[in-house]
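Working notes, structure below.
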There are 2 protein chains.
Amino acid sequence: MKNAVFYHAGCPVCVSAEDMVVKAVDKSQYNLEVVHFAQSPDRIAGAESAGVKSVPALVLDNEVFHINFGASMADVKGS
Amino acid sequence: MKNAVFYHAGCPVCVSAEDMVVKAVDKSQYNLEVVHFAQSPDRIAGAESAGVKSVPALVLDNEVFHINFGASMADVKGS
C-alpha cells in the first residue's frame with residue numbers, strides 16, 4: 001500500500017476538496033490519511049518539509065499536489 | 001459510474017498531475033477521460049463552460065479541481 005495524506009484547515013475550499021479526495025482516491029492502492037491542522041498542529045512542520053505550501057493539499061508518495069487554494073501555510077500558522 | 005475528466009496541455013506540471021490522477025483515481029467508480037487540449041482543441045469551450053480556469057484540472061461530476069498550476073486557459077488558447 002502507498003501512502004496518501006490530505007492536509008487541510010477546515011476552510012470551505014478544503015472541505016469540498018476533502019470530499020473529492022475521500023471519494024475518488026483508490027483505497028485499494030492507498031492508505032488515505034486526512035490531517036486537519038487545527039486539530040493536529042504538530043503535523044504542520046512535517047507537511048512543510050514535504051513541500052506543502054497551501055491547503056488543501058494531497059501528498060501521494062512524497063509528491064505534493066495543491067488542489068485549488070484555500071489558505072497559505074502562513075495563514076494556517078497564524079490562525 | 002461517475003465521470004471524471006482530466007484536462008491538460010502537455011506542460012511538465014500537467015504530466016506530473018496526470019500521472020497522479022491516472023494512478024490514484026478509483027477506476028471502479030469513475031470513467032476517467034484524459035483530454036489534451038493541443039490534440040483536442042474542440043474541447044476547450046466545454047472545459048471553460050465547466051469552470052476550468054487553468055490546467056491541469058480535474059472535473060469530477062461537474063465539480064472542478066485545479067491541481068497545482070501549469071498554464072491558464074488564456075495561455076492554452078494562445079498556444
Query raised in the report: Tell me, which residue of segment A:1-54 that is of a type in the set (Lys, Arg) and over 21 Å from B:Val25 (Cα atoms) is surrounded by the fewest Cβ atoms within 10 Å (Cβ to Cβ)?
Result: A:Lys53
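Could you pull out every one of the helices (runs of 4 or more DSSP H) wholly within chain B that has 3 or more residues that are farther than 21 Å from A:Phe6 by Cβ and of a type in the set (A, V, I, L, M)?
Here the list reads B:44-50, B:73-78.
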Query raised in the report: From the set of residues in segment A:6-35 that are of a type in the set (Val, Ile, Thr) and farther than 12 Å from A:Ala71 by Cβ, which is nearest to the other protein chains (Cβ to nearest Cβ)?
Result: A:Val25
Query - segment A:51-74, residues that are over 20 Å from B:Ser54 (Cβ atoms) and touching a residue at least 40 places away in the same chain (Cβ under 8 Å) - result: A:Val59, A:Leu60, A:Asp61
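Conditions (1) within 10 Å of the chain's Cα centre (by Cα); (2) among the β-branched types (Val, Ile, Thr); (3) within 12 Å of chain A (Cβ to nearest Cβ), marked per residue:
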site	(1), (2), (3)
B:Ala4	yes, no, yes
B:Phe37	yes, no, no
B:Asp75	no, no, no
B:Gly78	no, no, no
**Report entry** Cβ-Cβ under 8 Å pairs, at least 6 apart or on other chains, segment B:29-49 side within 12 Å of B:Leu60 (Cα to Cα), far side in a helix (DSSP H, G or I) and among the basic types (Lys, Arg)
**Finding:** B:Gln29/A:Lys23
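Any read-out appearing in this document is the output of simple, stated calculations on the displayed coordinates, not a laboratory observation. As the structure is a prediction and not an experimental result, all values here were calculated from the model. With ideal geometry, Cβ positions are generated from the backbone for all residues, glycine too; neighbour counts draw on all protein chains shown.
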